[in-house]
Amino acid sequence: MQLKIQKRYYTPEEYLELEEKAEYKNEYRDGEIVPMTGGTTNHNKIALNLAASLKIALRRKNYDVYIGDVRLWIPRYKQHTYPDVMVIQGQPIYTGTSTTTVMNPMLISEVLSKSTKNYDQGDKFLYYRSIPQFQEYILIDQYQHHVMQYVKTAENQWTFTEIEGEAKIISLQTVDFQIALSDLYEQVNFADNSED
């Protein structure tokens with residue numbers, strides 16, 4: 001059963017209350033509640049490959065790795081969203097008394113789908129850049145061996161690196177971590193990809 005959402009303005013508090021009862025995840029975009037699309041198995045494999053590799057590489061260091069069930073609040077733009085993978089240095093900063101919503105990722109990764117890639121590369125990246133701790137953004141194409149990496153070099157300045165090809169390696173700049181695209185895309189079958 002899907003939660004019936006009326007077209008009207010919702011406060012962040014109303015959204016959180018509805019989200020607790022919802023059977024599926026929704027994003028909050030400045031008053032509007034937007035249902036999230038379901039992900040493909042390839043999308044899930046890629047996000048899990050990255051998160052698991054990060055978790056192992058950052059073990060016993062002052063970082064936490066989170067996957068798509070932890071919500072992110074972006075106060076400047078009044079956005080609640082569920083990034084595919086987040087890395088937080090030190091302790092998470094929560095909103096309210098709950099431990100379900102954080103505010104301070106230093107690294108965010110999104111696995112791109114046909115239905116969300118423009119949003120992930122455009123407005124969502126703008127919203128993420130308003131987070132003071134945010135330093136690196138990794139966008140992973142689920143349809144081919146292709147990764148886009150944005151790294152903050154100074155206030156309002158970001159460098160862009162494009163990594164293409166199964167044999168290539170991505171090196172993160174904010175944490176000591178590298179992963180071959182062959183490992184990032186392990187068990188991903190591009191022939192199985194259909195629109196999500």
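Data for the structure
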{"quantity": "Checking Asn26 against (1) open to solvent by 30 Å² or more (accessible area, probe 1.4 Å); (2) touching a Pro at 6+ places or on another chain (Cβ under 8 Å), the condition it does not meet", "calculated": "(1)"}
{"quantity": "Which listed residue is touching a Gly at 6+ places or on another chain (Cβ under 7 Å) and open to solvent by less than 70 Å² (accessible area, probe 1.4 Å), from Tyr66, Tyr10", "calculated": "Tyr10"}
{"quantity": "Qualifying residues in region 144-187 (those that are among the aromatic types (Phe, Trp, Tyr) and out of contact with any Ser or Thr (no Cβ under 9 Å at 6 or more places or on another chain)) - the one surrounded by the fewest Cβ atoms within 10 Å (Cβ to Cβ)", "calculated": "Phe160"}
{"quantity": "Looking only at region 99-124, and only at residues there that are surrounded by fewer than 16 Cβ atoms within 10 Å (Cβ to Cβ) and under 17 Å from Asp64 (Cα atoms), the one that is nearest to the chain's Cα centre (by Cα)", "calculated": "Thr100"}
{"quantity": "Tally of residues being part of a loop (DSSP other than H, G, I, E, B) and crowded, with 19+ Cβ neighbours inside 10 Å across region 32-63", "calculated": "1"}
{"quantity": "Exclusive hit being among the charged types (D, E, K, R), modelled with pLDDT of 95 or more and under 20 Å from Leu112 (Cα atoms), set Asp192, Asp196, Asp183", "calculated": "Asp183"}
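The values are calculated or read from the model by the stated rules, or taken from the named source; none is laboratory data. Computed from a prediction, not measured in an experiment: that's the story for all the values here. Glycine gets a Cβ as well: all are built from the backbone with ideal geometry, and neighbour counts include every protein chain shown. Protein only, heavy atoms only, side chains kept; ligands, DNA and RNA dropped before computing areas. Shrake-Rupley method; radii C 1.70, N 1.55, O 1.52, S 1.80 Å.
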